[in-house]
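**Q** This structure is in structure tokens; I'll ask about it shortly.
The values are calculated or read from the model by the stated rules, or taken from the named source; none is laboratory data. Just so we're clear, the structure is a prediction, and the values are computed from it rather than from any experiment. Ideal geometry is used to build each Cβ from the backbone, glycine not excepted, and the neighbour counts take in all protein chains shown.
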Amino acid sequence: MRAGTMTLRRALGTPWGRAGLVAVVVLLVAIAVVAAAGGFRTVEASELPDRAAGEPVDLGPVTVTVLDAVVTDQVRTSRLENIDGATAWLVVRARVEVTGDETRDSLPTTVVLPPGVALSSDPAAPGAPADRGDPPAQPDQQLLLRDGTSLPQGHPGLPEEVAYLWAVADPSDVPDPLELTLLGSTPYYSPIYRRDTWTSPEPVGRVAVPRTERVPEILVEEQW
């Protein structure tokens with residue numbers, strides 16, 4: 001026990017040891033602050049502020065305007081046929097604009113479905129219906145409506161219309177209007193990367209999305 005105490009004292013007496021102690025203290029303080037602010041508390045959907053469809057919402061890295069939703073089997077048909085149990089896509093259309101002054105190699109996921117609407121995207125259980133106890137479902141695909149490309153980049157000052165796609169077993173599983181959860185991030189300085197970055201996305205709002213019959217033509221495979 002005494003030998004261990006002496007070793008610890010010697011370690012703390014070195015510059016690296018003192019730096020490590022400071023880092024641990026800073027980390028513990030940061031955790032306490034986040035916990036006190038409710039950062040580790042699970043946010044219920046009913047507690048989130050309501051946002052209107054068509055209203056731009058600042059989500060940190062991007063500003064998103066959710067526009068409308070359509071349920072269709074006319075788009076991405078080859079992909080749809082390979083998803084066990086899927087009969088249609090739920091397509092949510094949104095306008096996305098980068099808030100910073102640098103191009104983003106990929107756009108962050110900004111909307112998720114409530115549990116029980118889409119089929120599971122877990123490759124270990126393809127086609128398995130999402131359970132009501134499952135976490136909200138992220139999109140199966142994210143496509144640029146300007147040219148149909150997947151995983152689009154985001155450029156400052158250039159708003160883009162994006163389509164988020166989820167596979168559904170039955171169109172009647174999709175409520176009308178559809179309520180989506182918005183995911184946002186806040187900036188912070190990362191001592192590890194020594195630059196400003198963004199926190200992991202967390203629920204910051206919800207939006208009721210109106211249903212439309214308009215199918216984005218660029219996603220109809222016969223158009224390609």
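**Q** Taking E97 and the conditions (1) under 16 Å from the mean Cα position of the chain (by Cα); (2) over 21 Å from L182 (Cβ atoms); (3) modelled with pLDDT of 95 or more, which numbered condition does it fall short on, given that it satisfies the others?
**A** The one condition E97 does not meet is (2).
**Q** OK, next. Name the single residue that is nearest to W166 (Cα to Cα) among those in region 69-94 being within 19 Å of the chain's Cα centre (by Cα) and small (G, A, S).
**A** Residues of region 69-94 that are within 19 Å of the chain's Cα centre (by Cα), as a first pass: 69, 89-94.
Subsequent filtering for residues that are small (G, A, S) retains 69, 94.
Numbers: A69: 11, A94: 14 Å.
Among those that are within 19 Å of the chain's Cα centre (by Cα) and small (G, A, S), it is A69.
**Q** Report the residue count in region 68-101 for those that are free of Cβ contacts under 8 Å to residues at least 60 places away in the same chain and either in a helix (DSSP H, G or I) or among the aliphatic types (A, V, I, L, M) (or both). So that I can check it myself, show each step before the final result.
**A** Restricting attention to region 68-101, the residues satisfying the condition of being free of Cβ contacts under 8 Å to residues at least 60 places away in the same chain are 73, 81-82, 84, 99-101.
If we keep only those that are either in a helix (DSSP H, G or I) or among the aliphatic types (A, V, I, L, M) (or both) as well, we get 81.
Here the count works out to 1.
**Q** Could you please find all residues in region 185-206 being in contact (Cβ under 8 Å) with a residue 40 or more places away in the chain, in contact with a Ser or Thr (Cβ under 8 Å, 6 or more places away or on another chain) and assigned to a strand (DSSP E or B)?
**A** P187, W198, E202, P203, G205, R206
**Q** Listed residues V71, V66, V91, V75; which is assigned by TED's automatic domain parsing to the domain that holds R146, aliphatic (A, V, I, L, M) and closer than 19 Å to Q153 by Cα? Spell out the reasoning first.
**A** On the way: V71 fails: closer than 19 Å to Q153 by Cα; V91 fails: closer than 19 Å to Q153 by Cα; V75 fails: closer than 19 Å to Q153 by Cα.
Going through V71, V66, V91, V75 in turn, the sole match is V66.
**Q** For P139, are the conditions met, namely being surrounded by 13 or more Cβ atoms within 10 Å (Cβ to Cβ), in a loop (DSSP other than H, G, I, E, B), touching a Phe, Trp or Tyr at 6+ places or on another chain (Cβ under 6 Å) and at pLDDT below 95? Before the answer, list the steps.
**A** Details: surrounded by 13 or more Cβ atoms within 10 Å (Cβ to Cβ): yes; in a loop (DSSP other than H, G, I, E, B): yes; touching a Phe, Trp or Tyr at 6+ places or on another chain (Cβ under 6 Å): yes; at pLDDT below 95: yes.
Judged against the criteria, P139 is a match.
**Q** Going by the structure shown, is S200 out of contact with any strand residue (DSSP E or B) (no Cβ under 7 Å at 6 or more places or on another chain) and exposed (fewer than 14 other Cβ atoms within 10 Å of the Cβ)? I'd like the intermediate steps shown before the answer.
**A** Working: out of contact with any strand residue (DSSP E or B) (no Cβ under 7 Å at 6 or more places or on another chain): yes; exposed (fewer than 14 other Cβ atoms within 10 Å of the Cβ): yes.
Here the answer is yes, as S200 does meet what is asked.
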